Amino acid sequence: MKIKHILSWVLRLVIAIIFLQTLFFKFTAHPDSVYIFSQLGIEPYGRIGVGIMELITSALIIIPRTKLLGIFLSFGTISGAIFSHFLVLGTEVKGDSGGLFTLALIVLAACISLFILYKNEFISTISKFIKK
């Protein structure tokens, strides 16, 4: 059980740190961030909205009581980023050698690992909503 607890914290911190470190670029309208969201056709509202979502998700995933919601939201958020890379941006953006795409894959792997780690809790939570 202790290994699960430590692994959970490490994976959740990885996700939160990656999301939080990108906020500076989104909230300061860094040219690379503006470029990305312009290519997606959702600049500036998409950039700011995604930034707010990542900020909220980072808080939720760190707070033990809300971690399941944080895991779920981080999976949804990063899935959108990965689809954007595949469908519009490509895996390399403005000569970054695939850095952003790699970070997205790391977050996705962490999310999937957390889903597996907490599968019983997710099933129990979903069951409660279905019964209502």
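Bear in mind that the values in this text are calculations on the coordinates, not laboratory data. These figures come from a predicted structure and were not determined experimentally.
Based only on Cα atoms, what Rg/Rh ratio does the range 64-127 have, Rh being taken as Kirkwood's radius? Mind dumping the intermediate values first?
On the way: Rg = 14.0 Å, Rh = 12.8 Å.
Result for the range 64-127 is an Rg/Rh of 1.09.
Across the range 76-81, coupling constants 3J(HN,Hα) worked out from phi with the 6.51/-1.76/1.60 Karplus curve, θ = phi - 60°, read x, 5, 6, 4, x, 5 Hz, and Gly and Pro carry x. Once C-alpha pairs closer than 8 Å and six or more residues apart are averaged by separation and normalised to the residue number of the range 2-131, the relative contact order reads 27 percent.
Legend: residue pairs LYS2/LYS67; LYS2/LYS128; LYS26/LYS94; LYS67/LYS128; LYS4/LYS67, Cα-Cα distance threshold 23 Å; pairs beyond threshold, LYS2/LYS128.
Over the range 1-85, what number does the Rg to Rh ratio reach, with both radii from the alpha-carbon atoms and Rh per Kirkwood? Intermediate results must be reported in sequence, preceding the final value.
On the way: Rg = 13.9 Å, Rh = 13.4 Å.
Radius of gyration over Kirkwood radius for the range 1-85 works out to 1.04.
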